[in-house]
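K.L.:
I have a structure here, written as structure tokens, and I will follow up with some questions on it.
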Amino acid sequence: MAKILVATEKPFAKPAINGIREITEKEGYELSLLEKYTDKSELLKAVSGVEALIVRSDKVDREVIEAGGNLKIVVRAGAGYDNVDLEAASEKGIVVMNTPGQNSNAVAELATGMMVYSARNMFNGSAGTELYGKKVGIHGYGNVGKHINRIAKGFGMEVYTYHPRVEKRVIEGEGVIPVDSIEELYSTCQYISLNIPAREENLKAVGHKLLSAMPANGTLVNTARKEVIDEEGLLRVMEERNDIKYLSDIEPDCKGQMSEKFPGRYFFTPKKMGAQTAEANINAGIAAAKQIAGYLKDGDTTFRVNK
Ligand code: 3PG
């Protein structure tokens, strides 16, 4: 009987666990849960002896991989898998998967909600502005970007993106206006939604150059990762231009300087909560359980992200 561990420092909503349990029981697997753990040693202990591991943003580094001597598969229930050491997993022949698209509507709703929050001066009671007729640029047009496009259209926003690998006519086919460069995206749009993965090439990708090109009252909304921001550049722009706002679904390292110098112009969720809805938890959790069953039973590697 294969053992499956769900290790989530930030737990899934209960219905998601019920769904995962239903699938694993149907397959005859043994399910164990490690939730809200505060120390890595708990994860190291729990992972020993299990064949499959489901995580969220939980760090699955080399030490965790080594501790999971029986591991065959790790599924990151979500999109970004920068928390998993793919190389260490591959060395041990462990398959790593994500569950793309399953939580993207939740993230898109939060990103758009943050735009409203910014436009209404962080709900401080003063006269704000509306999103209607404003331009939003989606930096990283993937599953989340597609949902943002749909939602932003509902607000009457003009949606732009830049994608070097997707033909313009495909972008236009989605009702999105393509621009010729990332610089043009930032200089065109008052609102930018950041939805790029924290891959090597994207680290510190957004800094002074792009942000200082933004139109008046520019708002950057980051529901991706803090690592894609060049915080030094961000702080410089915030200093130079008092019309720029930064809202992020993850506290930056420069949080202290932000709160000291730029009150009213930033907002950070206390804990990453873009995908923290019952629906997203159910979708991603159940997809993860099904992918594990598909792999253990039939060798299905459809959503594999490591070589
Ligand atoms: C993702 O990459 O799927 C999102 O950032 C959500 O991450 P979480 O599962 O840690 O909330």
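The values are calculated or read from the model by the stated rules, or taken from the named source; none is laboratory data. Since the model is a prediction, treat every value here as computed from it, not as a measurement. Using ideal geometry, Cβ is built from the backbone for each residue, glycine included, and neighbour counts are taken over all protein chains shown.
K.L.:
Examine segment 200-209 for a residue that is part of a helix (DSSP H, G or I) and within 16 Å of the ligand (Cβ to nearest atom), and state whether such a residue exists.
P.N.:
Yes, that holds for at least one residue.
K.L.:
Considering only segment 74-125, state which residues are part of a strand (DSSP E or B) and within 9 Å of the ligand (Cβ to nearest atom).
P.N.:
ARG76, ASN98
K.L.:
Considering each of GLU231, GLU260, GLU227 in turn, give the residue that is out of contact with any Lys or Arg (no Cβ under 7 Å at 6 or more places or on another chain) and either within 16 Å of the ligand (Cβ to nearest atom) or at pLDDT below 95 (or both).
P.N.:
Of GLU231, GLU260, GLU227, the one residue that is out of contact with any Lys or Arg (no Cβ under 7 Å at 6 or more places or on another chain) and either within 16 Å of the ligand (Cβ to nearest atom) or at pLDDT below 95 (or both) is GLU227.
K.L.:
Can I ask one more? Are any of the residues in segment 282-297 under 22 Å from the mean Cα position of the chain (by Cα), charged (D, E, K, R) and closer than 24 Å to ARG120 by Cα?
P.N.:
No: segment 282-297 contains no residue that is under 22 Å from the mean Cα position of the chain (by Cα), charged (D, E, K, R) and closer than 24 Å to ARG120 by Cα.
K.L.:
So SER41 fits all but one of (1) more than 12 Å from the ligand (Cβ to nearest atom); (2) touching a residue at least 24 places away in the same chain (Cβ under 8 Å); (3) surrounded by fewer than 20 Cβ atoms within 10 Å (Cβ to Cβ); what number is the exception?
P.N.:
Single failed check for SER41: (2).
K.L.:
Which numbered condition in (1) within 16 Å of the ligand (Cβ to nearest atom); (2) in contact with a strand residue (DSSP E or B) (Cβ under 9 Å, 6 or more places away or on another chain) is the only one that ALA13 fails?
P.N.:
(2)
K.L.:
If a residue must be away from the ligand (no atom under 15 Å from the Cβ) and surrounded by 15 or more Cβ atoms within 10 Å (Cβ to Cβ), how many such residues does segment 263-288 contain?
P.N.:
3
K.L.:
Of the conditions (1) touching a residue at least 24 places away in the same chain (Cβ under 8 Å); (2) under 30 Å from ILE286 (Cα atoms); (3) away from the ligand (no atom under 16 Å from the Cβ), LYS135 fails just one. Which one is it?
P.N.:
The failed condition is (2).
K.L.:
Pick from GLY28, GLY19: which is at positive phi, over 21 Å from the mean Cα position of the chain (by Cα) and in the same structural domain as ALA288 (by TED's automatic domain parsing)?
P.N.:
Result of the check over GLY28, GLY19: GLY28.
K.L.:
If you take the residues in segment 267-300 that are in contact (Cβ under 8 Å) with a residue 24 or more places away in the chain and touching a strand residue (DSSP E or B) at 6+ places or on another chain (Cβ under 6 Å), which one is farthest from LYS72 (Cα to Cα)?
P.N.:
PHE267
K.L.:
Follow-up question, since we're still on this one. Can you name the number of the only condition in (1) crowded, with 24+ Cβ neighbours inside 10 Å; (2) in contact with a helix residue (DSSP H, G or I) (Cβ under 6 Å, 6 or more places away or on another chain); (3) basic (Lys, Arg) that ARG62 fails?
P.N.:
Checking ARG62 against (1) crowded, with 24+ Cβ neighbours inside 10 Å; (2) in contact with a helix residue (DSSP H, G or I) (Cβ under 6 Å, 6 or more places away or on another chain); (3) basic (Lys, Arg), the one that fails is (1).
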